[in-house]
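Here the structure is laid out as structure tokens; the discussion comes afterwards.
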Amino acid sequence: MVQIAFCDDRADEVSRIRGLLDALFPFEGQYEVTVFTDAGGLLSSPKRPFDLLFLDVQMPGLDGYETARRIRETDQGTVLIFLTGVAAPTVEVFQVTPFRYLMKQMDDATLQGELAAAFAEVSRKNQHVTIRSGGDLVRLNVASILYLAIAGREVELTADWGKQLLKARMSELYPLLAPHGFAYSHKSYLVSFSRILTLSSNTVIMENGDILPISQPKAKAFKQEFVRFAGMRF
């Protein structure tokens with residue numbers, strides 16, 4: 001069940017977007033919506049973390065930016081969408097990694113397109129792969145993986161929750177992960193495009209700060225695939 005939340009003190013605004021959301025019938029109807037009228041209710045909710053959060057920027061008490069900062073202290077995987085009627089985005093907005101920053105004055109057709117993109121992002125974050133590691137089967141959330149590296153006869157996986165050695169070959173893992181936006185930056189490294197922070201001529205910097213090499217034979221194809229991936233998302 002996908003958990004969706006609205007935090008907005010304007011019931012009419014929530015009702016409008018909720019109506020457009022329901023009309024799209026996302027996640028085959030397997031979703032639950034919770035509405036909060038202030039930041040306090042959202043922050044104290046036992047239902048957190050939410051999969052998708054629509055957060056008003058202008059609210060009494062804690063504003064949307066400060067609320068988002070507190071949310072991000074624990075809820076890294078939540079797809080966050082800011083809603084505003086007047087405010088232009090500032091640098092602090094992007095520090096909490098919103099998926100979208102939407103103006104409430106958008107027409108219904110444009111807003112539905114943005115909602116569809118948000119649903120696709122939630123689905124992407126909830127994708128899993130099952131990997132065989134020796135005699136074990138390991139189920140992994142794709143969005144949590146930053147990269148994999150060959151480590152002797154094993155593969156070391158680096159994810160949000162730490163590192164894990166897999167008794168597998170990289171050639172076996174590549175077909176499972178390539179459809180999810182992974183590519184070789186080097187014969188020893190399989191990298192998630194969605195977790196790249198900076199791409200330069202011969203290195204990538206991942207979101208956790210790790211610096212990985214881009215080999216000369218892989219460079220052209222890797223950068224072309226990254227551009228295609230970024231274009232599909234943005």
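Overview of results
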quantity	calculated
Relative contact order of segment 87-234, defined on C-alpha pairs under 8 angstrom at six or more residues apart (%)	13
Centre separation in Å (Cα based) which lies between segment 108-144 and segment 22-57	18
Heavy atoms of Ser171: accessible area, 1.4 Å probe, square angstrom to 10	80
Principal-axis tilt of helix 216-233 within the chain, Cα atoms, nearest 10 degrees	20
Label-reachable residues, segment 142-160, where backbone N falls under 19 Å from a point 7 Å from Tyr174's Cα toward its Cβ	146-158
Segment 64-73 - phi-based ³J(HN,Hα) in whole Hz, Karplus 6.51/-1.76/1.60, Gly and Pro as x	x, 5, 5, 4, 4, 4, 5, 4, 5, 4
Cubic angstrom per residue, convex hull over Cα atoms of segment 28-127	112
Ratio of the Cα radius of gyration of the chain to 2.2 N^0.38 Å, where N counts its residues	1.12
Global geometry of segment 112-222, whether rounded, prolate or oblate, following the gyration tensor of its Cα atoms and the 1.5 cut on a/c	oblate
Within the chain, helix-based [θ] at 222 nm, where runs of 4 or more DSSP H residues each add -39,500 (n - 2.57), nearest 500	-10000 deg cm²/dmol
Linear extension gain, Ala221 paired with Ala11, 0.36 nm per residue minus alpha-carbon span	70.7 nm
Cβ-derived FRET efficiency at R0 22 Å, Glu28 paired with Ala109, nearest 0.05	0.45
Lysines with Cα under 18 Å of Lys223, excluding same-chain neighbours fewer than 8 positions away	Lys187
Per-residue ³J(HN,Hα) for segment 205-215, Karplus 6.51 cos²θ - 1.76 cosθ + 1.60, θ = phi - 60°, Hz, x for Gly and Pro	10, 8, 4, 8, x, 5, 10, 10, x, 10, 7
Cleavage-rule hits, chymotrypsin sites (Phe, Trp or Tyr not before Pro), segment 64-161, DSSP coil, Cβ neighbours within 10 Å at most 12	Trp161
Per residue accessible area in Å² of segment 1-153, where ligands, DNA and RNA are left out and the probe is 1.4 Å	48
Apportionment of accessible area to carbon and sulfur, segment 99-234, percent (1.4 Å)	53
Estimated dipole of the chain in Debye, rounded to 20 [Cβ of Lys and Arg +1, of Asp and Glu -1, Cα centre]	1240
Where Glu28, Glu66, Glu73 fall by accessible area, highest first, once all protein chains stay in place (1.4 Å)	Glu28, Glu73, Glu66
Inter-label distance for Lys187 and Asp38, nm, one decimal - labels placed 7 Å from Cα along Cα-to-Cβ	6.3
Neighbourhood charge, 11 Å Cβ-Cβ cut-off, centred on Arg10 and excluding it, Lys, Arg +1 and Asp, Glu -1	-3
Cβ-Cβ FRET estimate between Ser201 and Ala230, R0 fixed at 22 Å, reported to 0.05	0.80
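The values are calculated or read from the model by the stated rules, or taken from the named source; none is laboratory data. Please read all numbers here as calculations on a predicted model, not as lab measurements. Positions of Cβ are backbone-derived with ideal geometry, glycine not excepted, and every protein chain shown enters the neighbour counts. The area values use the complete protein model at the heavy-atom level, side chains included, leaving out ligands, DNA and RNA. Shrake-Rupley method; radii C 1.70, N 1.55, O 1.52, S 1.80 Å.
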